[in-house]
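Novice: The structure is given below, and queries will be raised subsequently.
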């Protein structure tokens, strides 16, 4: 029978930090290479502005971090996009891995590659189809949320968010009030040409909420 003497691991070393922000950030980056993030860059400033003016809701915007059925890799990609670290040709040029910043998938219409270009600007046929379907998928999720409310479901008067087959895949049904993909004529000003109404860009949703009745004293009931 052989025995070995296991050396006791040394106790953790205590570090003095003058503050819990810059000093802690520098310490963690030095030991664990977590990244020395800067708060004066545009990405940080943009998100701070959105939160301060109430445009963005912090809990909703970061909900994907705690949703269990979202893959960890997907969460990493989201964070890279939001922090401007999603790899693209601009990064490749900075890292001396490429001499061109143009998108490798847009040979017929060269455009500068970037995170925003990857998300919604690439003109490659397959990528464009993916971008369109992702947009319509989000619209159908909004429709499902509206349908759960109940009273607003019948307020949709026009809808163009994909085929009926796609709607069925998400267990959705086109409301009877929104069977047409063309915006109703009564929503346009008088004498508005039908040709322009038929050929203009159709919105994803047109939802018309009822107007509250007004009493003789001009008070909302």
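Novice: Which of 28, 130, 167 ends up with the largest GNM mean-square fluctuation for the chain, with Cα atoms connected below 10 Å?
Specialist: Maximum fluctuation in the GNM of the chain, among the listed residues, is at 28.
Novice: Could you work out which residue, out of 121, 58, 84, moves most in a Gaussian network model of the chain, that is, has the largest mean-square fluctuation with Cα springs under 10 Å?
Specialist: 58
Novice: Something else now. Running a GNM on the chain with Cα contacts under 10 Å, which residue among 195, 80, 185 ends up with the highest mean-square fluctuation?
Specialist: Ranking 195, 80, 185 by mean-square fluctuation puts 195 first.
Novice: Okay, next question. I'd like the orientation of helix 22-32 relative to the chain: the angle between its Cα long axis and the longest Cα principal axis, in ° from 0 to 90, rounded to 10.
Specialist: Orientation of helix 22-32: about 70 degrees from the principal axis.
Novice: Which order results if 191, 140 are arranged by neighbouring Cβ count within 10 Å, fewest first?
Specialist: 191, 140
Novice: Once the Cα gyration tensor of the range 20-85 is diagonalised, what are the square roots of 5 times its eigenvalues, in whole Å and ordered largest first, as equivalent ellipsoid semi-axes?
Specialist: Gyration-tensor ellipsoid for the range 20-85: 22, 19, 11 Å.
Novice: Please give the helix 72-82 orientation as an angle from the longest Cα principal axis of the chain, in degrees from 0 to 90, rounded to the nearest 10.
Specialist: Between helix and principal axis, roughly 80 degrees.
Novice: If one puts a single equal scatterer on every Cα of the chain and applies the Debye formula without solvent, what log₁₀ I(q)/I(0) results at q = 0.15, 0.16 Å⁻¹?
Specialist: -1.28, -1.35
The numbers here are math on the coordinates, done by the rules we state, and not lab data. What you see is a predicted model, and the numbers here were worked out from it, not measured in a lab. FYI the Cβ positions are ideal-geometry reconstructions off the backbone, even for glycines, and counts take in every protein chain you see.
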